[in-house]
1. Rounded, prolate or oblate: pick one for the range A:322-466, where a ≥ b ≥ c are the square roots of the eigenvalues of its C-alpha gyration tensor, a/c under 1.5 means rounded, and failing that, prolate if a/b is larger than b/c, else oblate.
2. With every atom except the alpha carbons ignored, what do you get for Rg and Dmax of the range B:30-100, in angstroms?
3. How many percent of Cα pairs in the protein assembly as shown exceed 60 Å?
4. Specify whether the C-alpha gyration tensor of the range A:195-293 places it in the rounded, prolate or oblate class, a ≥ b ≥ c being the square roots of the eigenvalues: rounded for a/c under 1.5, otherwise prolate if a/b is larger than b/c and oblate if not.
5. List the chymotrypsin sites (Phe, Trp or Tyr not before Pro) within the range A:83-146 that DSSP assigns to loop and that have no more than 11 neighbouring Cβ atoms inside 10 Å.
6. Calculate, in nm to one decimal, what B:S542 and B:N226 gain on full extension: separation in residues at 0.36 nm each, minus their alpha carbon distance.
7. What list of ³J(HN,Hα) values in whole Hz, one per residue of the range B:79-93 in order, does the Karplus curve 6.51 cos²θ - 1.76 cosθ + 1.60 (θ = phi - 60°) give from phi, with Gly and Pro shown as x?
8. For the range B:447-560, what mean projected area does the convex hull of the alpha carbons give, in nm²?
Amino acid sequence: MRVGVEVGGTFTDLVSIDERGAHVTKVPSVPSRPDEGAFNALLEAKLEIDKVLDLAHGSTVATNAVLERKGARVALITTKGFGDILFMQRHGRRQVYDLHYRKPEPVVARKDVFEVLERILPDGSVEHALDEDHVRESILPRLRDEGYGAVSVCFLNAYVNASHEQRIAELISEAGLDVVTALSSSVCREFREYERASTTTLSAYVQPVIDRYLGDFERRLTAAGFRGRFSVMQSNGGRLPAEGMRRNAITALLSGPAAGVMGAVRLAERSGFDDVITFDMGGTSADVCLVNGGRPELTSEFELEGLPIRTPVLDINTVGAGGGSLAWIDDGGMLRVGPESAGADPGPACYGRGGIQPTVTDAHVACGTLRPEAFLGGRMAIDAEAARQALAPIAEQLGKSIEETADSVIKLANANIVRAIQLVSTERGQDPRDYALVGFGGAGPLQAARVAEDLGTYAILVPPNAGVLSAYGLLASDYVQFETITRRVKVDDDAPRIVREVFEQLRATAVEQFEELGLAKAASLDLVAEMRFVGQAFEVPVELPAGELDELTAAHLRTLFDEAQKRVFFRSGGDRPIEIVSFRLGITAPVADIPPFDMEPDEKAYDPIAWRVFENGRWRDAQVRSRNQMSPGDAVAGPLLIEDTTSTILVPTGWSVRIDESAMLILKRL
Amino acid sequence: MQLDPVDYAVISQSVLAAAREMGAKLVRSAYSTIVREAEDASAALLDRNGHVVAQAELIPIQLGAISAAFAPCIERHPVETLEEGDFLVNNDPFQGGQHIPDVFIFTPIFVAGRVIGFSATCAHHLDFGGGNPGLNATASDVFQEGLIIPPSKYRYETDWNGGNFERLVAANIRVPSLTIGDFNSQFAANAIGDARVQQLCDKYGVELVEATFVELNAYSERRVRNAIRDLPDGVYHGEDAVDDDGLTDEPLPVRATVTIEGDRMEIDFKGTCPQVSRNLNAPFASTLSAALSSVKSALTHPDIPFNEGAKRPITITAPYGSLLNPKPPAPVRARLEASYRAYNAVMKALSQLVPEQVIAAGFDTTTALSLSHLGEHGYQVYIEIFGGGYGGSARGDGCDAIDSPLSNCRNMPVESLDTEYDYFRVVEYGLLPDSCGHGTYRGGVGFYRRYEILSDNVNFAIYADRFRIEPEGLFGGTNGYCGRCEVQRNGEIINVRSKDGLTLNRGDVLTLFTGGGAGYGDPARRDRELIRHDIEAGLLSSGVAERAYGFSADVIPEST
């Protein structure tokens, strides 16, 4: 049996899959003790734990440690003269006209920074040797006595020559100090000292937290008789055996949305769709991600609380447009939606918990696209009149009817989502019309059709159990790890040889680590060279064919680069010299036979219901069905609402829907 | 044309996004450290009449007056005469430009054979000729500051792209390989703006897109007028001064008179000193940007798109021949110093109206530091732009060590400088404890950056300000700190003036110290916890804590 457990803010979802099919368990989370929620779910699911071969876990433990500032007390050791590296940051402001601007707060206190005399030059030569005496006499005693939980080490130019950083690790270990030590040359071997130091320090900050959490978790599992493999989700969309994560925790940060993306990707693949845009819309925000050939796009840098982190992560773009996003009129008389949200409490006005401001969910109720009786499978009462009342003042100000106003609110939320999708598609040189849209999360299936109409999408997919897709995604994710290194190589006739060498070196490291984790079998490799014109500072990722490195030529490298940069900048950069700046190797051990995710057949069939939805400025009669009334083969034309236990799927006029053998709803334009 | 709020929202968001994308891609494809690392560049979309519709919020001083740089171009080359493939270019400080290195390029956007708008970019070019590499601190007229490109029209395919205009530019500048690359990035960014507007017109129709351009401006105008209407009518004054003109020790006063009448505001800089013979003069376009930035940041919500409409309720004037509206051929390279004092003078006037929204004076100075070297392979030029500490406010302490309000340059990674330049090395870079004014909320502290010189005959030039006149405290807060610059040579210290140049040799150590912002409110009311925190962080010495706040060191608990 395989089990995925996803601990969310409100609910902990568990999906167990065996030869009989999939089973879903939902229990409340215990925010202060995420593992408690997970074990409650295991109990509730009544699993025979010794029969579980594969347990995959997703949690926000690492992210929350940063958000709530509950990581380890970290010491930073850096080059003499640069102790303020994390406080100086990059000297620019994100909001240029904000007089009250504050820099993002680092996770290290200024008094916990230690400087050491040393300097390495960019060619790797040593200008000043490491002052080991100072380390032994002045730094190590303080590390020992002052209760640090972790040490972050970042020296200038250590991305070229790691020897001084490695020596610090040796000195710490020789002194018998029991602290986590994160070296910038291991965590993030790339140039730009602030970004590298920030990444390394965040890794050091969360690693003891993750280590303790996963250690306790494993012990409890073992005590309960678990003998299978325990793995955790990473921000790059792959999993890692827990012991791997306990060594380097940087990929645990922002791993939350990755599992949902992977669940959507795998289910879309089963239904024959490899190029998709995933669209996960919940109460406060929407996450979108572009997927080519079954592989989500990656980005090399992201930020948490404004602090930069450089490591390959799924390129997920988040906007403040959720079911709870508030509609309002600003002082210029303009209708706006979000980014403020009604949250879970009081929630939308139609929840009847005291919310009076209208939300996107209220707008759907007013337009008839969300049927009060069907909300969460009828488990929650919805007050349609409260939704209309909340919209009334705005309608009056705009001089429109309530349903017209509601329709505008939905369109505005849509506009924000469409923008987010354009950012990961159009602006990266991809046309969103070439992709199917996968809608999931509480509000994704409802909003997907509107988004698809604006984008010109040809198909929409709504997977089964769309509300617990993350827990399934954990099980459907491959084991993945990335190795990166900054090394500048001018593209000339000698370049292919160096490319082969560097990738061979990265491959050896990656394979060795995977073997240690018992994963090397059937591992595949992805190679990316970050390239640019000589003299530029930012690179374009260029994928290299792993199987054809032996035949690689300089001309081939140039062609690949030219294609990649043209997608982003719209024009060829000419025949100026180009260079490779860094290399990235991804190693993947695929999960064998990804299981289906069939619906549990516990829903009643509906009797015909007379219903209307507001569409294109008028009310139209619409059909209502429950999901299990859809059978493979029939195509039904909109307007139609399909309801299941977690969401409502809107099929507008001009679209038809069918269900396939994998219980996927597929909407296409008529 | 009646515009549906939804269409407006969708199209306006797309236009704003297109401007942001232009800015991001300009920076990402650039070559020089000043554009690609410091991000000293801006981008905007203009309507057919040259009114800014949307901008990428990068560098305020360049953004506020893009339309001023555009107007003389279109006057010479009316919009009806433009053809596809043309571009307009301008860097003339006396025809709407800023200073010489800031080159504005405008590309007309044609839809169905008609111009419906322009994509615009501005980049600060690393070296644009003139009497000294990078910057000429001693220029006595604008001709010594570099190559002037008057408002003109060229064709991309034939004049650039290996053509005669490109060759003319390349022949007059010291590092054409990087600078021409940066120009190409401007053209590429303009092409992206063009493509995005085309896509919008395809989808929504050109009428709707143009109607949205109009409404975007009207919308910002309404919101700015609403903000001004909330202020009491009256006449308010503010004043500050530039240290000196680089030749004498005489301060250069800048005076602002702000008049509020209903939903309109007038800012007049009468009483400001006459123009000077060195590069401290601010072209009127810079004065406009500075005054508008002060009003925008103190009075309005950050989400108001800053465009032509936002400027309509505000009239700005400065006497011709003054420091803030000089006659040609005055040198203007260091125009940001006078611009900052204009910004401060307006902020001080506004502090009487909206004391809770303004901040005390910060270091508010742009320090441009240039190190250049002529080696075997030609010139290498390094320029970096530095800020300092912000002023405190009613809401909190000023931000430490950050670029000043009219600029927004990032620092250059030391690892990037290590790779690009072999004649100097950054050896220290950090915060300066105690370098701020005190108050209920303190100013932000300044910082220092230290360079070791590795070759002989390194050309060093600097312009800065507030080396002598401190940022003024507000509502009982104490003054901020001045900056300074020094060279250590053979055990001796040479003090560098704020506008100066020097030849440096191997072994010299150059250090720039930037100042900190002034405090806001009575220091006696400062939260003891904040004082304790600053002492623990090493940003406040116990001696200063005692003097400024009467905070005694013996009550500080042992650090835990």
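1. Values: a/c = 2.10, a/b = 1.35, b/c = 1.56.
Since a/c reaches 1.5 but b/c is at least a/b, the shape of the range A:322-466 is classed as oblate.
2. Gyration radius and largest Cα-Cα distance of the range B:30-100: 13.1, 38 Å.
3. Summing the P(r) tail past 60 Å for the protein assembly as shown gives 12 percent.
4. oblate
5. Values: sites: A:F87, A:Y97, A:Y101, A:F114; in loops: A:Y97, A:Y101.
Counting only loop positions with at most 11 other Cβ atoms within 10 Å, none of the chymotrypsin sites (Phe, Trp or Tyr not before Pro) in the range A:83-146 qualifies.
6. 109.1 nm is the gain from fully extending B:S542 to B:N226.
7. Computed from phi, the couplings for the range B:79-93 are 4, 5, 8, 7, 10, 4, x, 6, 9, 10, 9, 6, 9, 6, x Hz.
8. Details: hull surface 37.4 nm².
About 9.4 nm², averaged over all directions.
Each reported figure results from applying straightforward, stated rules to the coordinates on display, with no laboratory input. A quick note: this is a predicted structure, and the numbers were derived from the prediction, not measured. No Cβ is skipped: glycine too gets one built from the backbone with ideal geometry, and neighbour counts run over all protein chains shown.
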